[in-house]
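S.K.: One structure follows; several queries about it will come next.
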Amino acid sequence: MDDKFNTAFERLAGTRPTAVNLFWALDLMKSVYQSHKNSSSVFFLLLNKAVQIHQDDINKCEAIANNGVELLKDNSTILTHCNTGQLATGGKGTAFNVIKKGYELGKVKFVYADETRPLLQGSRLTAFELSKAGIPFKLLVDSAAASLFKQNKIDAVIVGADRIAANGDTANKIGTFNLAVLCSHFNVPFYIAAPVTTIDTSIATGDDIKIEMRDKTELSMIQGVQVTNPSYDAYTPAFDVTPNELIAAIITDKKNHKPPY
């Protein structure tokens, strides 16, 4: 039994080294297993804990949305990056749920969704969820965002996070840092929406966040089709780190944290 549990634990732990929530949940499951592994009810205890974690995430997503909408102006146009909705969380989402709640309350009128290269989570997932929610939106290539800022078409940027350092530095999908720099230049608020379990107080700054590097084929191929010479090397971080000074607020399920973090 130990071998089976440990194999599953290690396999899951190895999937996303940057996302701290994963390890938080896995450690909870491991604690239950270690305490009851000799019990005939260990499977059901693990199942119950998993259900509790799922319900907790549902509750956290709702609290994040309720806190986040307080920061939005009426009739805002929002830019978002990657996917933060029901396809990425146990509930209705983090940044996505802020947007959804904002739309329902009349605080969000339109959304621009980055396609989010190279895996296209924006165009494949976020667009799908925006469409299902009936929220007006347009897709754009990641590199087109600056032109929207120049035209004063963006009122706020809201994104998720995979890990937040003790000082507020935040790791999120590659391309997030670019948006934070644009927000700073054009005086547009840049918001992070994430549960408190994303805050890793064991690391002081973003310099300590381990960034997952992906296979170069994710860049050189699109859906199995080779689009560039396979012999070319590539720089392929899955995440980048946004410094805390560029973040207007970190929206969590407990409260909206504002500088200094």
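S.K.: Do we find that ASP233 is loosely packed, with under 13 Cβ neighbours inside 10 Å, of a type in the set (Asp, Glu) and at pLDDT 95 or above in this structure?
M.R.: Here the answer is yes, as ASP233 does meet what is asked.
S.K.: Turning to a different aspect of this structure: Looking only at residues that are more than 16 Å from the chain's Cα centre (by Cα) and outside any helix (DSSP H, G or I) in the range 150-162, which one is surrounded by the most Cβ atoms within 10 Å (Cβ to Cβ)?
M.R.: ALA156
S.K.: Does THR15 meet the test of being in contact (Cβ under 8 Å) with a residue 40 or more places away in the chain and not in a helix (DSSP H, G or I)?
M.R.: Spelling it out, it is not the case that THR15 is in contact (Cβ under 8 Å) with a residue 40 or more places away in the chain and not in a helix (DSSP H, G or I).
S.K.: Moving to a separate point now. Using the structure shown, decide if ASP3 is closer than 22 Å to PRO195 by Cα and in a helix (DSSP H, G or I).
M.R.: No; evaluated as a whole, the condition is false for this residue.
S.K.: Just checking, does the range 189-199 include any residue being open to solvent by less than 20 Å² (accessible area, probe 1.4 Å), more than 15 Å from VAL241 (Cβ to Cβ) and in a strand (DSSP E or B)?
M.R.: Yes, the conditions are met somewhere in the range 189-199.
S.K.: What residue, among those in the range 82-95 that are of a type in the set (A, V, I, L, M, F, W, C) and closer than 16 Å to THR198 by Cα, is modelled with the lowest pLDDT?
M.R.: For the range 82-95, the residue satisfying everything is ALA88.
S.K.: Follow-up question, since we're still on this one. Within the group LEU71, LEU12, LEU79, LEU46, which residue is under 26 Å from THR201 (Cα atoms), crowded, with 16+ Cβ neighbours inside 10 Å and of a type in the set (A, V, I, L, M)?
M.R.: LEU71
S.K.: Something else: What number goes with the only condition from (1) under 29 Å from MET213 (Cα atoms); (2) open to solvent by 60 Å² or more (accessible area, probe 1.4 Å); (3) touching a residue at least 60 places away in the same chain (Cβ under 8 Å) that ASN59 does not pass?
M.R.: Tallying (1) under 29 Å from MET213 (Cα atoms); (2) open to solvent by 60 Å² or more (accessible area, probe 1.4 Å); (3) touching a residue at least 60 places away in the same chain (Cβ under 8 Å), ASN59 fails exactly one: (1).
S.K.: Going by what's in this entry, would THR197 be described as closer than 23 Å to ALA13 by Cβ and modelled with pLDDT under 95?
M.R.: So THR197 passes the test.
S.K.: Within the range 21-41, take every residue that is in contact (Cβ under 8 Å) with a residue 12 or more places away in the chain and more than 19 Å from the chain's Cα centre (by Cα) and give me the one that is surrounded by the most Cβ atoms within 10 Å (Cβ to Cβ).
M.R.: TYR33
S.K.: Name every residue in the range 163-184 that is assigned to a loop (DSSP other than H, G, I, E, B) and β-branched (Val, Ile, Thr), in order of residue number.
M.R.: The one that is assigned to a loop (DSSP other than H, G, I, E, B) and β-branched (Val, Ile, Thr): ILE174.
S.K.: Turning to a different aspect of this structure: Mind listing just one residue for me: the one in the range 99-118 that is closer than 23 Å to SER147 by Cβ and open to solvent by 50 Å² or more (accessible area, probe 1.4 Å) and, of those, farthest from the chain's Cα centre (by Cα)?
M.R.: By that ranking, first place goes to LYS109.
The values are calculated or read from the model by the stated rules, or taken from the named source; none is laboratory data. A quick note: this is a predicted structure, and the numbers were derived from the prediction, not measured. When we count neighbours, we look across all protein chains shown, and the Cβ atoms used for this are built from the backbone with ideal geometry, even at glycine. These area figures cover heavy atoms from the full protein model, side chains too; ligands, DNA and RNA do not enter into them. Shrake-Rupley method; radii C 1.70, N 1.55, O 1.52, S 1.80 Å.
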